[in-house]
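Report on one structure; see the data block that follows.
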Amino acid sequence: MNTKEFVKDGFKSKNCAQIIMSYFFDDESLLALSKGYGGGFGVAGLCGSYAASIGVLGLKFKDKDEFDKKVAEFKDEFISKFRNFDCKEILEADYTTKDGLEKITKHKLFETTCVDLTAYCIEILEDLIKRG
């Protein structure tokens with residue numbers, strides 16, 4: 001199963017942050033912890049995939065300087081592709097409003113943009129972790 005298929009399958013029972021955590025760790029506590037990150041922390045704010053990715057880096061890179069370097073690299077990659085950290089800005093719609101949810105539903109943004117974004121985060125993380 002490739003990364004995108006893993007993410008699509010994951011969205012059947014998890015949010016974006018939980019998918020990222022479950023990709024890197026087999027730990028129910030991390031799934032529980034990241035439950036509230038999805039949907040921009042439930043308010044279309046900070047992207048849950050972004051937040052979970054920073055968490056993965058924290059768990060993988062214990063040294064503060066190394067962690068800070070990896071976070072900066074991740075942030076640069078993320079911003080260069082998505083231009084923002086907030087769900088409502090990335091999706092160009094706010095699911096907490098009627099009009100925003102209608103746009104998201106009509107254009108299947110959760111099934112397209114969120115899947116692509118979450119898969120991309122996993123790919124960036126894999127590269128950063130592999131490079132050490």
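A few notes on this one:
- Of the cross-linked pairs K35/K88; K64/K88; K35/K64, those separated by over 21 Å at the C-alpha level are K64/K88; K35/K64.
- Set against the labelled values (i) -0.86, -1.28; (ii) -0.83, -1.15; (iii) -1.00, -1.20, log10 I(q)/I(0) by the Debye sum over Cα atoms at q = 0.17, 0.21 Å⁻¹ computed from this structure falls on (i).
- Close amide H contacts of D86 (hydrogens built in the peptide plane, cut-off under 5 Å, sequence separation of 5 or more or a different chain): C47.
- Summed side-chain charge close to F41 - residues other than F41 whose Cβ falls under 12 Å, Lys, Arg +1, Asp, Glu -1: +1
- Label-point separation, T105 to D65 (7 Å along Cα→Cβ), nm: 5.3
- Point-to-point label distance, K35-E123, nm (Cα→Cβ direction, 7 Å offset): 3.2
- The chain: relative contact order in percent, alpha carbon pairs under 8 Å with at least 6 residues between: 28
A short reminder: the numbers here are calculations on the coordinates, not readings from a lab. These figures come from a predicted structure and were not determined experimentally. Virtual Cβ from ideal backbone geometry, glycine too; neighbours counted across all protein chains shown.
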